[in-house]
Amino acid sequence: MRILITGGSGNLARAIATELGGEHELCLMDKSILDAEDVRRAVQGIDALIHTGDPPPGLPQDGLAREQALLDLATRGTYNIFEAAISAGANKLIYAGTLAIFSAYSDDIYISENWKPLPSPEITQMTGYLAELTCREFARDHKVTVTCLRLGKLVLEEEIKGEKPDLMWLDLRDAAHAFRCALRRDMSGNVHWWRRWAVYHICADIPNPKFLIDKAAKAGYKPTHNFMEKTEGNNAP
């Protein structure tokens, strides 16, 4: 399978490439998805798209200019890359969303994919959710498989030893594994758009979690980096 991965220089894209590189032909895109010509060239011949949502290099570092750029990438950019990928013949499209859109909920409850997101006005939460909604509309309008993986907070287990536990922790390697599982999903021929569209919560498998991963587990997701020394017996960080 030929797969295009956006945000090519980011940690997530590199982890996905390590996970999938031995089995698939990968193309990592690091250019802006706002440039229609760059996007058109990048999607040629692909079978699947993995859109990490990571911004390209060169964005303003802070302030209103950065927020405007991130908003444009999440909305117009996501639309550009999905539309181009589908036009090029790709029928599997995966977006890396965020579990941060549930941060407003208390840590002593269990949140599944059926819960209502409550994104704050904070830019990464809002843009992550807007991009997710943009992806969903493509599942409505096209007979393609669209999957959103709502990822936890990306870390490497060996690098956070001794830190205060976080119920959103997700090892980068387990995140990459989740994309492998999502690539197996194929509902493109289904006439019902809600079957072509799916959302999965992806984080570590810890005791007393905030985020339930049962649905992802049924799709084959099985994290191996679960921070057990830091979370066992705790209900919250």
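The values are calculated or read from the model by the stated rules, or taken from the named source; none is laboratory data. These figures come from a predicted structure and were not determined experimentally. A quick note on method: Cβ atoms are made from the backbone with ideal geometry, for glycine too, and the neighbour counts reach across all protein chains shown.
Summary table below
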item	result
Residue within the range 18-27 that is assigned to a helix (DSSP H, G or I) and farther than 20 Å from LEU149 by Cα present	no
Scan of the range 182-232 for residues that are touching a Ser or Thr at 6+ places or on another chain (Cβ under 7 Å), part of a helix (DSSP H, G or I) and not basic (Lys, Arg), ordered by number	ALA182
The lone exception for ALA217 - which of (1) buried (at least 17 other Cβ atoms within 10 Å of the Cβ); (2) of a type outside the set (D, E, K, R); (3) at pLDDT 95 or above it fails	(1)
Selection within the range 83-118 - among the basic types (Lys, Arg) and surrounded by 16 or more Cβ atoms within 10 Å (Cβ to Cβ)	LYS92
The range 42-73, residues that are of a type in the set (Lys, Arg) and touching a strand residue (DSSP E or B) at 6+ places or on another chain (Cβ under 9 Å)	none
The listed residue being in a loop (DSSP other than H, G, I, E, B), modelled with pLDDT of 95 or more, of a type outside the set (Asp, Glu) and over 17 Å from the mean Cα position of the chain (by Cα), out of GLY45, GLY58	GLY45
Hey, TYR79 among the aromatic types (Phe, Trp, Tyr) and surrounded by fewer than 19 Cβ atoms within 10 Å (Cβ to Cβ) or not	yes
Pairs with Cβ under 8 Å, 6+ apart, first in the range 111-134 and over 16 Å from LYS210 (Cβ atoms), second in a loop (DSSP other than H, G, I, E, B) and of a type in the set (A, V, I, L, M, F, W, C)	SER120/ALA104
Residue match in the range 139-148 (condition: assigned to a loop (DSSP other than H, G, I, E, B), buried (at least 23 other Cβ atoms within 10 Å of the Cβ) and either at pLDDT below 95 or touching a Cys at 6+ places or on another chain (Cβ under 7 Å) (or both))	no
The range 71-84 residues that are under 15 Å from ILE5 (Cα atoms), paired with ones that are of a type in the set (D, E, K, R) and in a helix (DSSP H, G or I) (beta carbon under 8 Å, 6 or more apart)	ALA84/ARG40
Condition met for TYR95 (touching a strand residue (DSSP E or B) at 6+ places or on another chain (Cβ under 7 Å), of a type in the set (Phe, Trp, Tyr) and within 22 Å of ARG180 (Cα to Cα))	yes
Candidates ALA74, ALA13, ALA65, ALA90, filtered to the one that is out of contact with any Ser or Thr (no Cβ under 9 Å at 6 or more places or on another chain) and in a helix (DSSP H, G or I)	ALA65
